[in-house]
Structures are given as C-alpha cells and as structure tokens.
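The values are calculated or read from the model by the stated rules, or taken from the named source; none is laboratory data. These numbers were taken from a predicted model, which means no experiment stands behind them. Don't worry about glycine lacking a Cβ; one is built from the backbone with ideal geometry, like all the others, and counts go over all protein chains shown.
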Amino acid sequence: MTSSACFDMWLDILKRIEPQLQRTAFITWFRNTAILSKEEGTLVVGLPLSTVLDRHIERYQGMVLEAAKEMDNSIAQLVYKVDGRLQDHPEACVNLLEHFPEQKKRKLPNKQEVRLAEGITSKILNPRYTMENFVVGTRNRLAHAACSAVVEQPGGKYNPLFIYGGVGLGKTHLLQAVGNAILQKSPRATVVYTTSEDFTNQVVEAIRTQKMEQVRKRYRQVDVLIVDDIQFFASKERCQEEFFHTFNALYEGSKQLIISSDRPPDELHLEDRLISRFERGMIADVSEPDYETRLAILQEKASEYEFFIDLSVLQFIAEHTTKNVRELEGILMQAVAQYELERRMPTIKSIAEIMSKLNKDPHVDEETVGFEKPEKRKATMQDVMEAVSKYYSVSIDDLIGSSRVHEVLMPRQMAMYIGKRFLNVSFVRLGETFGNRDHTTVMNACGKIEKSMNKNSNILREVHTLTAELGLR
Ligand code: ADP
Ligand code: MG
C-alpha cells in the first residue's frame, strides 16, 4: 500500500474510533500514530512511544481491527510496531487536532441562564468535574453510586444525599459532577450549587436589606440544591434556621438536596433537627484512596492533561502520596509545569525532588530515589543493545559493526551512552563490546549524546524512554 493510501485508511479508521472514546483519551493515545504497512492480511500500526503500547493492546486493538475490517475485509490481524520516528515526523501521521477539531461544548447554563432572580446565586459549576472522570475505587464507590442514582432520578430515593470525608478526597468534584450531569440531561432545571459560607453571606445580606422573605421564596423554586462544606454552618444559628426551612420546603416538594461535610452528620455541631433530617436520607463517605485508585487517578489526570509520563513514575507518586487526591494532583501538575517550561521529562528522581520541595513526603530517602525497586533484575549491556536495536530498528550486528551511516551511528552512540551513564561500564569495556573499538571512540560517542540531549528534546525523550523501558530509572 502506498503511504498516502495508508494515511487515508488510517484517517478513516480514526473517524470510526473517535466517537467511541472520550476526547482526551483519543487525542492522548492516538497522537502520532499511523499505518506503516498492509501486507497480506496484516495491518501494521505504528506507535510513537513504547509507553502507549500496552494501552493499545489492552483497550484499542479490538476496536481498531474491527474498524479496519469494516473497510477492508481482507484484513485479518493487526500488529503494532513502536517507531520513534513517528514522534519526530508527525507529518507522516494524521494530525488529530486538525482532522478532529474540538466541538464547541454546549455552554452549561450559568447562574444567569438558570434565571434565578436577584437574591440567590449559584456558583458556576466547573465543567472539569464530571461523573465520568471521577475514578471509582473501593473507598468512594458508594458515594459515586449514590451520586449516579441522583443523576438518574433527582428527588428520588436518595434524598437528601449526604457525602462526607476529609479534604481533597473528591467531595466537591462529585457534587459539581452531579450538578453538571443533571443540567446536561435537563438544561432547564434550576440547579443551585453553593457553599455554607456563601449561603450564610446571602442570609446576612438579606437580613440587612430586609429581603429575607423574597430570598426564601426564590430558594423554594430550586430543583436541586447543592450545599458544599456544611460544617461551616456550626454556630451560625440564624443560617441554620433559614436553611432548615428551605430544606423542608424543598424536601417536601421532592426536590433534590445534596450536602457535603468533612464529618458525618452526628459529629456536626448543628441543631439536632437538622441532623436528623440529614440522617433520613442517604449517607456515604469518601475516604483515602488505596494504591490502585491513586494510580488510576494519576493516569486519568495525566491523560486529561495529555501528558505522557512513565508508569514507573506514576507508581512512585502513588506509592509515596497516600493521603489526599489534591496532593497527588499537585505533584503531577508540578511535573507538567517542569516539562512545559524546561522540557524536563519527569523521572523518579525529579518527582522526589518536587515532593521534598513541597514537603510532602519526608520519608522518601536517597535509596528509593536513586534506584529502581531492588527486586528487579538489573539490566545488562546485552539488554541495552537489544532495547536500542528494537527501538531504532537496527540489528545488533549493525550496532557492533563498522557502518557509519547516521541510522546506525546514532543508535550505537546511544547504546554506549546508556551503558556508560546508567550501567557504569568502563569506556574500555564498552569499546571491546562494540566491535573492539578504541575507548576514545566511546568517549566521543557519549559526549555526542550528552551534547545532543541538551539541544534536542527528541534525544532526551529517547534516552528517557529507553532507560525507563530497561528499568534503569
Ligand atoms: P474535597 O472537596 O473533598 O476537598 P475535591 O473534590 O476538591 O476534594 O478534590 C480535590 C481534587 O482531587 C480535585 O481536582 C478532584 O478532581 C480530584 N479528585 C478527588 N477524587 C478523585 C477521584 N476519585 N477521581 C478523580 N479525581 C479526583
Ligand atoms: Mg471541597
């Protein structure tokens, strides 16, 4: 197949895939991919980085094969080939942003659009918080399920819905996601999202301007009332009283109430009658996510930011950040910033530095930082040669041989560099390994790669990918 036929076919396949995936996932995982060839019944799909290979095999292979078969029923199988050149020559690939421009999202009604007259304000919901991008784990499953049920049937069985848990564990995310989802389904619904502090300010203002009666009336027209962080009502009796009446009126009108707090209802310093109202409904907690959930959240966030980060680095963050999700996200964001500003790919070491700067994890010690997990077999020079040979599609014979064409020379220098820098093999020994070359040749080769790394982010990325693959970082 000619390369333009490959291109067209891949574009057609992508058009079939795209509607089946979340946009961020589509852009993240299909960026810089291409059909490399089609021979007999085998379609060879090229991926730019080995880090995306597993994901394709696990999630997308079936989907892609099916789409390919629909277009050409002679295709029987699909194989992947990691080809770093795709990353450097994106013109060979379908430009996703050009061919799949972002559809303007329907603007969610904001506080003007829900036409709440003066006296009530709803904070604008953050569209970033959705039910879909909330990662469900063992410790938040119930809360998520209850929220989904509320989206299905507001004012139904789970009313009021009370979500509690410590800071940064996803309460606001869930509450706003419910609001967003209800508005998606019923754009005309009046959804008010407020915090107990905002509610308090409104009550105080209404009292001052003697408009309490109006405010009360308006609140009673609300379909869904979401009050975040209700613990701040403590010791504000007048507000509690107003809220109690609003609560009752809405509840009796089968309107949905959703409340969050940092502790369970019976530990809140609120009037008993209010607490017993909360206890009538559904109560669910969110607590600290376990390791698997932390890792899944990191993967989700990295993919939302379209940020490639090694699994081993994500695992490191997930292992060492145990408390709250906001902290996890903060570390990831720092890593993204470091990459965007300085083109520094995150490594376990750089993440450990970020963490100690943020004072997040005093337990990270030099030993864990410097080396991979000890149970891993350390890579040998043979492994390095194999990995380099595979990555650049150059045979090991060529790596050792005497050819000086760029396609061979650069990978040879790369293998030498990794051997020296990461395996600490001596220049002399490396010279012997690579076809009995002089040690000065090896020194020059290492110097070349080091220089290129400073100038050329592709080389840096290749070093990163290869050493990560070899478990050397
Ligand atoms: P809380 O309101 O409980 O203090 P937030 O809802 O503000 O916490 O969550 C803090 C950050 O962590 C947000 O950016 C949120 O998107 C993220 N987050 C928390 N839990 C999850 C989860 N299970 N899946 C995805 N993101 C989460
Ligand atoms: Mg919150």
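Is it the case that some residue within region 336-355 is under 12 Å from the mean Cα position of the chain (by Cα), surrounded by fewer than 20 Cβ atoms within 10 Å (Cβ to Cβ) and acidic (Asp, Glu)? No, every residue in region 336-355 fails to be under 12 Å from the mean Cα position of the chain (by Cα), surrounded by fewer than 20 Cβ atoms within 10 Å (Cβ to Cβ) and acidic (Asp, Glu). Within region 306-335, the residues that satisfy the criterion of being farther than 19 Å from GLY471 by Cβ, away from ligand 2 (no atom under 16 Å from the Cβ) and either crowded, with 17+ Cβ neighbours inside 10 Å or acidic (Asp, Glu) (or both) are GLU306, THR321, ILE331, LEU332, GLN334, ALA335.
Go through region 213-234 and count every residue that is more than 16 Å from ligand 1 (Cβ to nearest atom) and closer than 17 Å to LEU250 by Cα.
Taking region 213-234 as the starting set, the residues that turn out to be more than 16 Å from ligand 1 (Cβ to nearest atom) are 213-225, 233-234.
Cutting the leftovers down to closer than 17 Å to LEU250 by Cα gives us 213-225.
Selection size over region 213-234: 13.
Taken over region 119-148, residues that are aliphatic (A, V, I, L, M), more than 30 Å from ARG218 (Cα to Cα) and not in a helix (DSSP H, G or I) amount to 2. Where helices (runs of 4 or more DSSP H) sit wholly within region 281-364, those with at least 3 residues that are among the polar types (S, T, N, Q) and either within 15 Å of ligand 1 (Cβ to nearest atom) or within 30 Å of VAL150 (Cβ to Cβ) (or both) occupy 291-304. On inspection, GLY170 does not qualify as more than 20 Å from the chain's Cα centre (by Cα) and either within 9 Å of ligand 1 (Cβ to nearest atom) or farther than 14 Å from ALA284 by Cβ (or both). Of all the numbered requirements in (1) touching a Ser or Thr at 6+ places or on another chain (Cβ under 8 Å); (2) surrounded by fewer than 23 Cβ atoms within 10 Å (Cβ to Cβ); (3) not basic (Lys, Arg), GLY165 misses one, and that requirement is (2).
Taking the residues in region 180-194 that are within 24 Å of ILE275 (Cβ to Cβ) and within 16 Å of ligand 1 (Cβ to nearest atom) as candidates, determine which candidate is surrounded by the fewest Cβ atoms within 10 Å (Cβ to Cβ). Break it down into steps so the answer makes sense when it comes.
Kept after step one, since they are within 24 Å of ILE275 (Cβ to Cβ), are these residues of region 180-194: 192-194.
Then keep just the ones that are within 16 Å of ligand 1 (Cβ to nearest atom); that gives 193-194.
On the way: TYR193: 24, THR194: 21.
Among them, the one singled out is THR194.
Consider region 145-167 and keep the residues that are within 24 Å of the chain's Cα centre (by Cα) and over 13 Å from ASP285 (Cα atoms). The one that is farthest from ligand 1 (Cβ to nearest atom) is VAL151. Mind listing whichever residues of region 132-161 are crowded, with 21+ Cβ neighbours inside 10 Å, hydrophobic (A, V, I, L, M, F, W, C) and either over 19 Å from PRO289 (Cα atoms) or free of Cβ contacts under 8 Å to residues at least 12 places away in the same chain (or both)? Those that are crowded, with 21+ Cβ neighbours inside 10 Å, hydrophobic (A, V, I, L, M, F, W, C) and either over 19 Å from PRO289 (Cα atoms) or free of Cβ contacts under 8 Å to residues at least 12 places away in the same chain (or both): VAL150, LEU161.
Residues of region 195-232 that are within 16 Å of ligand 2 (Cβ to nearest atom) and surrounded by 21 or more Cβ atoms within 10 Å (Cβ to Cβ): SER196, PHE199, ILE226, VAL227, ASP228, ILE230.
Could you count how many residues in region 388-425 are of a type in the set (S, T, N, Q), more than 34 Å from the chain's Cα centre (by Cα) and either closer than 19 Å to LEU470 by Cβ or surrounded by 21 or more Cβ atoms within 10 Å (Cβ to Cβ) (or both)? Steps first, please.
First, the residues of region 388-425 that are of a type in the set (S, T, N, Q): 389, 393, 395, 402-403, 413, 424.
Filter again for more than 34 Å from the chain's Cα centre (by Cα), leaving 395, 402-403, 413, 424.
After this cut, where a residue has to be either closer than 19 Å to LEU470 by Cβ or surrounded by 21 or more Cβ atoms within 10 Å (Cβ to Cβ) (or both) as well, the list is 395, 413, 424.
Result for region 388-425: 3.
Checked against the criteria, LYS105 does not count as within 30 Å of GLU205 (Cα to Cα), in a loop (DSSP other than H, G, I, E, B) and modelled with pLDDT under 90. Out of the residues in region 144-193 meeting the condition of being over 20 Å from GLY253 (Cα atoms) and among the polar types (S, T, N, Q), tell me which one is farthest from ligand 2 (Cβ to nearest atom). Step by step, filter region 144-193, then rank; the result is GLN184. Summed over region 412-436, residues that are modelled with pLDDT of 95 or more and polar (S, T, N, Q) total 1.
Of the strands (runs of 3 or more DSSP E) lying entirely inside region 1-87, those containing at least 1 residues that are more than 22 Å from GLU102 (Cβ to Cβ) and in contact with a Cys (Cβ under 6 Å, 6 or more places away or on another chain) are 34-39.
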